[in-house]
1. List A:I19, B:I4, D:I116, A:I93 from most exposed to least, where exposure is judged by having the fewest other Cβ atoms within 10 Å.
2. Could you tell me the calculated FRET efficiency between D:R49 and B:D72, based on Cβ-Cβ distance and R0 = 41 angstrom, to the nearest 0.05?
3. Would you mind computing, in nm to one decimal, how far apart the modelled labels at A:A120 and D:E33 are, each placed 7 Å from Cα along Cα→Cβ?
4. Along the range C:6-17, what does the Karplus equation 6.51 cos²θ - 1.76 cosθ + 1.60 (θ = phi - 60°) give for ³J(HN,Hα), rounded to whole Hz, x for Gly and Pro?
5. Out of all DSSP beta bridges in the range D:2-128, what portion is antiparallel? Express it as a percent rounded to 5.
6. Starting from the range A:2-61, pick out the GluC sites (Glu not before Pro) whose DSSP state is loop and whose Cβ has at most 11 other Cβ atoms within 10 Å.
7. Can you compute the charge dipole magnitude of the range D:2-128 about its Cα centre, using +1 on each Lys and Arg Cβ and -1 on each Asp and Glu Cβ, nothing else charged? Give it in debye, rounded to the nearest 20.
8. How far, in degrees from 0 to 90, does helix C:43-59 lean away from the longest principal axis of the Cα atoms of chain C, to the nearest 10?
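Coordinate-derived values only; no laboratory data. Since the structure is predicted, the reported quantities are computational estimates derived from the model, not experimental observations. With ideal geometry, Cβ positions are generated from the backbone for all residues, glycine too; neighbour counts draw on all protein chains shown.
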Amino acid sequence: MSDAKRFLYVNRKAPYGTIYALESLEVVLIGAAFEQDVSLAFLDDGVFELVKDQNTEELGVKNFSPTYKALGDYDVNKIYVEKESLEARGLTIDDLQHLTYEDEDDDWAEKDSIRVVTAAELAEIMEAQDIVLSF
Amino acid sequence: MLHIVNKSPFERNSLDSCLQHAVKGSAVLLIEDGIYGAMKGTQKSGTVEAAAKDLKFFALSADLKARGIDQDRLIDGVEVVDYNGFVDLVAEYDKSQSWL
Amino acid sequence: MGELNVGGKTVAVDEEGYLENRDEWDMDIAKAIAEAEGLEMTDNHWEVVNFLREYYDEYQIAPAVRVLTKAIGKKLGKDKGNSKYLYELFPYGPAKQACKIAGLPKPTGCV
Amino acid sequence: MKFSVLVSEGPYTHEAADTAYNFTKAALDKGHEIFRVFFYHDGVNNGTRLASPPQDDRNITARWTALAKEHDLDLVLCVAAAQRRGIADADEAKRNGKDADNIAEGFRISGLGQLIEAGIEADRLVTFGD
């Protein structure tokens, strides 16, 4: 992994209003095959992407929110959600889907993928990347 | 890092969000509708003026001219660059992030 | 657009034989698609096809081959959780062939 | 230096395609290498040869095509995004049973992996979008 690049996918848009959330997720899933160091950040309206109990039946659009739960299978397990963005929208971590992964190095123990970070922490995480892809 | 903002600060929060996440020593390049964030005497000028202590600000000349915004209407310290200057900034900073 | 006739029932398939409507899938249709692919469905084939259908129901995507192999290995044992085994069952690739038989959407072939 | 460019918006509605073009051209003129220009989301609409803008306006697609010819640029449209939006080359049209293709000269259709590769191979990746 030493020559792997650090890729950060920055999600700042709400789902369904535009296609960015869905097409961002599609890049992440394809990108996972390249064995780079992948992280996802959800801030601003992007935090709405992870809200649980999404139901698109009446809208007649595919509900892609269950796909976030597959990220762990794809070894994408660094998911940063910004605290300030959650608070500004009246949300807490409990309003979001519970995303987990199985840690290969810890006897496949199930662990949380989502880490709530402050804007200042997220700024440092952004600064530590090689590639930042924004959606 | 070079932050690129292309949204008017009066329409979206891209500039605010960018400034909240830009660490000291980074640069912010304002392009497209983002150049309105470089104007002095607006409701948003104070934010940019405060951030300019830690960050360098640039604005793209093509977008300023297209929108009829003269250089003398810009916040002091905002540097105007052309596309060549844009390319130089991308090369100078180790990565870029677009606040779409 | 083509169609597939199975025991008096007609279902719509696309140019490459993928089901247009996932809800129309049943085991007879799966067998017919497999036959068109030159495959005979054994218990081993069904294991993979059913796994794909369950995965799709839960996550709304067909897993990448890498993810499929790992998950099959975990569920059905290490001897089945490798691409050699999966390619033996589905010579033209588990992503393409097994998804088609399982009635899942055509992979966009993005990699 | 080696750059990759990501274009996430279609032409004409948003300025992103113009900025991306002007940036790419400036980078090439300054002697930098453009590893790839990848078009995603509505950005794939940059690659349709059927657009006919008025003659006193710029032709965004033709401009890309000319730049590609001059500099041997790799212009890639994401296949998944292109399929959604009705952009096809001859192979894609045939594979999906369509009666025509519309990709412009100098563009090719490929997978999202090409975007990741563009990020891995280049020194810088710059995104233009809405």
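1. A:I93, A:I19, D:I116, B:I4
2. Values: r = 44 Å, r/R0 = 1.08.
Given R0 = 41 Å and the Cβ-Cβ separation, E is 0.40.
3. Rounded to a tenth, the inter-label distance reads 4.2 nm.
4. With coefficients 6.51, -1.76 and 1.60, one gets 10, x, x, 9, 10, 10, 7, 10, 7, 3, 9, x Hz.
5. Bridges in the range D:2-128 that DSSP calls antiparallel: roughly 5 percent.
6. Numbers: sites: A:E23, A:E26, A:E35, A:E49, A:E57, A:E58; in loops: A:E35, A:E57, A:E58.
Sparse-neighbourhood loop GluC sites (Glu not before Pro): A:E35, A:E57, A:E58.
7. About 160 debye.
8. Between the helix axis and the principal axis of chain C, the angle is about 90 degrees.
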